[in-house]
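The values are calculated or read from the model by the stated rules, or taken from the named source; none is laboratory data. Computed from a predicted structure; not experimentally measured. Positions of Cβ are backbone-derived with ideal geometry, glycine not excepted, and every protein chain shown enters the neighbour counts. Surface accessibility is based on the protein's heavy atoms, side chains included, excluding ligands, DNA and RNA. Shrake-Rupley method; radii C 1.70, N 1.55, O 1.52, S 1.80 Å.
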Amino acid sequence: MNFTIPAIPLGDWIEGGLDFLTGHYSNVTRGISAVTQTGISGLNDGLMWLPPWALIIVIALLSWRLSGTRLAIFSILGLGLIWNLGLWDPMIESFTLVVIATFVAVIIALPLGILAALSERFYRVIMPILDFMQTMPAFVYLIPAIPFFGIGSVSAIFATVIFSMPPAIRFTTLGIRQVPVELIEAADAYGATKSQKLIKLQLPLSLPTIMAGINQTIMLALSMVVIAAMIGANGLGSEVWRAIQRLQPGAGFEAGIAVVILAMLLDRLTQTLRGKPE
């Protein structure tokens, strides 16, 4: 006699939850989608309004001012190669998605990271959630994005924000918790309030660590934007996905090289902002 344990209908529960949310909050998701799409289109149009050579000069000057000559030369050569390969517009579209997704992720992550650093109870709650978010395969985040926001760039933003947010939360918490206890005690001795300690002591001292978290968020956002081409997101990812479908390895490698150049440029710039350029 075989004894079988009934399977837990976890998948059915998840699908039921998604159906409930999309059925009852479709107006909210449509509103968010419209606002986000307006932001994507506006930033895209603004960056594409500038001629490629002009934007390359602006980025090179910014790189030179923030980091030095080497990064300026790299930005000219790298972006010039992307332009030459005919991938300028997809690169701009990918950059737009990364910027918007990173901005939203950081806006959400910083308050959560600060709260986790100051509250031990909240820290114990959010850390397992972050572990879950970081170990979940990236492709899974594309699944709930589609019923909420449909096919396209807005779904890519949603999935990218969820996927790239954990490092910013973790590093913010870590940076604040690493502030020396002696400095905290000194601030208490001088009668500083919690908000004064946070704004004038803990956040400034933890800024390099927070910027490291933002750097990791940007890198994860760029990787997710490429994957999100599977649900209709435009950009370099769509060029890679098209090359795979058409069995064009050369075109795929060209788009991949463009992704690497964009990633390296963003990485070096954010490292410079945290005060530790390479």
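Numerical summary
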item: The range 115-167, Rg to Rh (Cα coordinates; Rh as Kirkwood inverse mean 1/r); result: 1.09
item: Residues of the range 124-271: accessible area per residue with a 1.4 Å probe, Å²; result: 48
item: The chain: DSSP helices with Cα axial extent of at least 18 Å and average Kyte-Doolittle hydropathy no lower than 0.0; result: 10-24, 26-49, 52-66, 69-84, 88-118, 120-135, 153-177, 203-227, 249-273
item: By accessible area with a 1.4 Å probe, ligands and nucleic acids excluded, highest first: order of TRP241, TRP53; result: TRP53, TRP241
item: Linear extension gain, ASP188 paired with LYS200, 0.36 nm per residue minus alpha-carbon span; result: 3.1 nm
item: Full-extension gain in nm, GLN248 to THR135, via 0.36 nm per residue minus C-alpha separation; result: 37.5 nm
item: Accessible surface, 1.4 Å probe, highest first, among residues ARG121, ARG246; result: ARG121, ARG246
item: Top of GLN202, GLN134, GLN245 by mean-square fluctuation, Gaussian network on the chain, Cα under 10 Å; result: GLN245
item: Environment charge at SER63 (Cβ cut-off 10 Å; Lys +1, Arg +1, Asp -1, Glu -1); result: +3
item: Carbon + sulfur, % of accessible area of the range 223-276 - ligands and nucleic acids excluded, 1.4 Å; result: 63
item: Rounded, prolate or oblate (a/c below 1.5 giving rounded, otherwise prolate when a/b exceeds b/c) for the chain by Cα gyration tensor; result: oblate
item: Estimated FRET transfer efficiency (GLU15, THR38; beta-carbon r; R0 30 Å; 0.05); result: 0.45
item: Magnitude of the charge dipole, the chain, Cβ model with Lys/Arg +1 and Asp/Glu -1, debye to 20; result: 580
item: Heavy-atom accessible surface of the range 18-169: percent carbon and sulfur, 1.4 Å; result: 72
item: Cβ charges +1 (Lys, Arg) and -1 (Asp, Glu), total dipole of the range 70-203, debye; result: 220
item: Max mean-square fluctuation residue, GNM over the chain, Cα-Cα springs under 10 Å, options TYR190, TYR123, TYR141; result: TYR190
item: Choice from ALA145, ALA263, ALA187 with maximal GNM fluctuation in the chain (Cα, 10 Å cutoff); result: ALA187
